[in-house]
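Step one of this worksheet: look at the structure below.
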Amino acid sequence: MKWKAGIPVHIRTETKEELAEVFRLHYEAFGKRENESRLAERIRHSSGFIPELSLVAELDGKVVGHVLISKAEVIEPVTDNRAEVLVLAPIGVHPDYQQQGVGGKLIQAGFEKSRALGYSHIFLIGHPSYYPRFGFRPAKPLGFELKQFPVPENVFMVYELQSEGSTQPIRGELRYPQAFMG
């Protein structure tokens, strides 16, 4: 992995008392837009929400970063078999703490918790020069499709949490849940 160790933040599960603070964090992190803040709210109220995978980065008692990993599914087109997988979104770091390794620590903690919960894959739509440093790879060459959102092939990525052969291989169309539809 090629990412900075950065500042000494504590990564832990988000608490209900921090929801407004996390809302403001995403608002600030994404240029004073509410899209990502609202997305996090919708996911928290959906059946795909996994409380253990809503993580905050804390520094000196202040939430400086947040990542939310939630359920989605991959549907095999011929058999219609479905596999539960995860999607990473949103992830935000307060502007004062960006480019200091906070996002990387959130991602790594998310990998560890997701793996411990038994999940095999995490998908995202993200910047192709940032996420590969954590092991994300383009999903299409690995047999996955995304039809819900028109995005360039190189921004649709997957991280395989389990080692080769440790889980049933899955391939097919990733389906984001309704919470992502706005």
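Readers should treat all values here as calculations from the given coordinates under stated rules, not as data from a laboratory. Model, not experiment: these values are computed from the prediction. We place every Cβ from the backbone using ideal geometry, glycine too, and count neighbours over all the protein chains shown.
General observations
- One quarter of the convex hull surface built on the alpha carbon atoms of the stretch 34-182 amounts to 9.3 nm², the projected area averaged over directions.
- With at most 16 other Cβ atoms within 10 Å, longest stretch of the chain clear of loop chymotrypsin sites (Phe, Trp or Tyr not before Pro) (DSSP): 31-129
- Cross-link check: pairs 62/147; 16/113; 32/140; 62/140 evaluated at a Cα-Cα cut-off of 29 Å; pairs beyond the cut-off: 62/147; 32/140; 62/140.
- Ordering of 9-16, 87-94 by packing [mean C-beta count within 10 Å, highest first]: 87-94, 9-16
- Cα-based helix-to-principal-axis angle, 102-116 vs the chain, degrees rounded to 10: 50
- A simple rule links phi to the HN-Hα coupling: the Karplus curve 6.51 cos²θ - 1.76 cosθ + 1.60 with θ = phi - 60°, which for the stretch 140-151 gives 4, x, 8, x, 10, 10, 9, 10, 6, 10, x, 10 Hz, with x for Gly and Pro.
- The antiparallel fraction among DSSP beta bridges confined to the stretch 66-182 stands at about 80%.
- Dividing the mean sequence gap of close Cα pairs (under 8 Å, 6+ apart) by how many residues the chain holds gives a relative contact order of 24 percent.
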